[in-house]
Amino acid sequence: MSARALASALHMLGLGLVLVRINHGQKRPTYSGWGKDSLGVIRTPEDAHRELTLDGREWNVGVLLGPSGLLSLDIDRDDLAREEFAKHGLDLDAMIAVHPHPTQAKGKKLWYRLPDDLDLPGVRAFQLPNPDNVDPITGQPRPMTIFELRASPRDGSKSVQDAAPGSLHPEPEYRHGDAHPHPRYYIWSADGAPTTREDIPEAPQALLDLYQVLRPSPDLAPRPTARRRSVIALPTRSGARANSSARYAAWARQHVNLCEIMARYRAVDSSGQCKCTHPDHPDAQGSMHVWRDHATCFGTKCRRNDGRRHTEDAISVTMRFEGLTFLEAVAHLNGGNLPTEEQLPTEWDEPVREEALDAARVRNAQTDWTALVDAAHRALLDQGSDQALQVMDYLYSRGFTDETILAAKLGVVDTSVPDSLLPLNSKGAPSRTWRGRLVIPNLRPDGTAMDVAGRTMQPKPTDSRKARWYRKYAIPTRPGGYGVPPYGLAQLSRRPVLVVEGQLDALSVRQALPTSNVLGIAGIGNLNPEHVSGLAGHRAYLLLDPDTDHDAGGAAARSAIDALHAAGAEVYLVPKLVSTTDDLNDCLVGMGQDDFAELLTTCVKAAQHLPAPRPAAAQLLAQPQRRRWI
Ligand SMILES: [Zn+2]
């Protein structure tokens, strides 16, 4: 139940606005077909109660601009927007000052009432060329959006919406000294929410005139996702290898001023502070300090996987923001070509690797996670910290029962768990990034742990590059081991095995079907020889994530299935439980345990057998045709 969103929705309905259900913690609806045929649309209090409690889940709420008769002014760059507004006779600061606008930490949206007879077709954007962001292929500066005037047709034929007060913002708030990020909500500005529709200001004529001269927003066009190819001419492999990356790094430290480079991507203040460049650190305060040759983030929550502070140099910043490789970035910093032999320093420091090797040896000696698992489990049951409360709330919200929490020995690394029990990082020091994480142990039948997964309580990243940080593993070194053993491997018996993508999904299936054999894997594409040998001779039912290419012909699935066949496993593909993108845990939460168990059983019974290719046929197919019978 989203009490906050529901209360806000009822208030906004009182202002004559038309609303739409948005996924919790998102800025926009991510379910398909929203707005069409009134899907997710909220016009009455009854609609609000129905939509915002749908599936017993939490939801955000947005305002449908067209049907609400609103024009929304969304400002990305205050300074440049102010200049442009002044040209049109508008005083942006005065407009903001009198407006009861909805706000969140970073941005402002000013909603204006449109005259009843005015219907605006879509979003208009004001953009300027960004001299600091030049397309290396065309040599032209890329445009940056200064502000947008957002609107949509009143008849709802095209839907444009703004996330509204009462909604949970996608990015949590980091407060200094707190172990956990805090949820951040969209709220009305400090001067208070409008109480009547008339409290929403009418759109000034000058703003409507401005709308008419702006161009349709390019944001509505699909964005290219492919990484762009570099046109910088790089030396041949052998030539490039002749110089070490440390020598280029030394060159950059001596010849490139990082303060200038950083200013292209971040607003650096006079004391040299800017917002952190780490993709997982939504840094409102500006915790990064920039020097000529390096930059370091001093945010307390911002550490690399090895426990050290996040630092950048001119090359890493350029790689990050321009999407370039190391050598491309060096060339980019040198005006398009790699520095010549004469330009490169004659003396430079090679990185020291010996220390890291020792640390790795210490880390690999850590093989028993049972003490950590027991302490974390006790911490969760004691509920003596905010972190423990948060993890328990999360587990309950994901439909897990006390029995599952006890049987799976789930835990939390809260302050009661001493540093000495934490997995070590690559420097051999306790890895504090484990603090606050939900601990999911992979148990042996005797209750000891063969490995441990730690999952942050932050929203799941949509960017797969962040997934590494989202989930951490402590893995013992085993002779012939291939990373993380599949969850449940040690408890496998000879019955058919349900192979489930995702650890919490595997836990959901085990809870619903307690007598079944469940094996949790990271992804069907990650099956390694160890997983395969664990499944040898078993009947394996594959329950793939809805995101995975469900068609057994998908390349990753195909090679995994071939490997299973080769190991003598019988392979069955279980059809998707529901036609949405919901994963198995979502199904457990949405339909309750009994219905979920029933649906699961039905689907497993309907699984499609994927027969192993007969050797003779496979050989024939593999051979080029030599003979023809005419
Ligand atoms: Zn940071």
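The values are calculated or read from the model by the stated rules, or taken from the named source; none is laboratory data. No experiment lies behind these values; they were computed from the predicted model shown. Don't worry about glycine lacking a Cβ; one is built from the backbone with ideal geometry, like all the others, and counts go over all protein chains shown. Please note that ligands, DNA and RNA were not included when accessible areas were found on the heavy atoms of the full protein model with its side chains. Shrake-Rupley method; radii C 1.70, N 1.55, O 1.52, S 1.80 Å.
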Quiz prompt | Of all residues in segment 244-268 being within 16 Å of the ligand (Cβ to nearest atom) and part of a loop (DSSP other than H, G, I, E, B), the one that is farthest from GLU347 (Cα to Cα) | solution = ALA267
Practice problem: Name the single residue, out of those in segment 264-300 being free of Cβ contacts under 8 Å to residues at least 12 places away in the same chain and hydrophobic (A, V, I, L, M, F, W, C), that is surrounded by the most Cβ atoms within 10 Å (Cβ to Cβ). | Solution: PHE298
Self-check item: Residue in segment 287-309 that is farthest from TRP434 (Cα to Cα), counting only those that are part of a loop (DSSP other than H, G, I, E, B) and either at pLDDT 85 or above or away from the ligand (no atom under 16 Å from the Cβ) (or both)
Solution: ARG292
Quiz item: Only one of these conditions is not met by MET262: (1) over 24 Å from THR433 (Cβ atoms); (2) modelled with pLDDT under 90. Which number is it?
Solution: (2)
Self-check item: First in segment 507-534 and among the basic types (Lys, Arg), second anywhere and crowded, with 20+ Cβ neighbours inside 10 Å and in a strand (DSSP E or B), Cβ under 8 Å, 6 or more apart
Solution: ARG510/VAL518
Practice problem: Would you please name the residue that is surrounded by the most Cβ atoms within 10 Å (Cβ to Cβ), looking only at residues in segment 310-325 that are assigned to a loop (DSSP other than H, G, I, E, B) and of a type outside the set (D, E, K, R)? | Solution: LEU324
Quiz item: When you go through (1) open to solvent by 60 Å² or more (accessible area, probe 1.4 Å); (2) at pLDDT 50 or above one by one for SER238, which number turns out not to apply?
Solution: (2)
Quiz item: Within segment 340-353, is there a residue that is part of a loop (DSSP other than H, G, I, E, B), within 22 Å of ARG437 (Cβ to Cβ) and at pLDDT below 90?
Solution: no
